[in-house]
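Trainee: Just passing along the structure, written as structure tokens.
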């Protein structure tokens, strides 16, 4: 699905939550109940994030659901997400939890001598079924990491009619 959407969307949020539906026995109306994600429950989504990222590495991905500590942020970034969305932790602990997560990410990056998020992304634990699959991944990802692509101010990708990324045409950025 991510590959098919590539030409028409600018990113995907993986694992957004919907409210649970209940019925009021007093007035017979539907009630939406939003329940906070349980802390550090990201491990259930890591495989799916990795799968979507490996099939469609140029699609920007946002991970959400259960991200409550810097380790969770690091894991979703290593799995293939570009950003970690945090809501439940902010409701539980207040906005200072964001600074705590960022500080933890910085300490992790310093410990591993990463200068940027790109350095962290370059160390993603990826599995490929063949050398050809690895080559295709690297070639596709290089389109996204092309500085001309980012400097253009657009996230639009050039795709064939099936949604497979294609290099920009000569003279285009």
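The values are calculated or read from the model by the stated rules, or taken from the named source; none is laboratory data. Keep in mind that what you see is a predicted model, and the values were worked out from it rather than measured. FYI the Cβ positions are ideal-geometry reconstructions off the backbone, even for glycines, and counts take in every protein chain you see.
Trainee: Please report, ordered by residue number, the helices (runs of 4 or more DSSP H) entirely within the stretch 53-120 with at least 3 residues that are out of contact with any helix residue (DSSP H, G or I) (no Cβ under 8 Å at 6 or more places or on another chain) and at pLDDT 90 or above.
Mentor: On the way: elements: 70-79, 88-93, 96-111.
Counting at least 3 such residues, we get 96-111.
Trainee: Looking only at residues that are within 17 Å of residue 73 (Cβ to Cβ) and modelled with pLDDT under 75 in the stretch 17-52, which one is nearest to the chain's Cα centre (by Cα)?
Mentor: 42
Trainee: A follow-up question, please. Against the conditions (1) crowded, with 18+ Cβ neighbours inside 10 Å; (2) in a helix (DSSP H, G or I); (3) in contact (Cβ under 8 Å) with a residue 60 or more places away in the chain, where does residue 137 fall short? Just the number, please.
Mentor: If we test residue 137 against (1) crowded, with 18+ Cβ neighbours inside 10 Å; (2) in a helix (DSSP H, G or I); (3) in contact (Cβ under 8 Å) with a residue 60 or more places away in the chain, just (1) comes out false.
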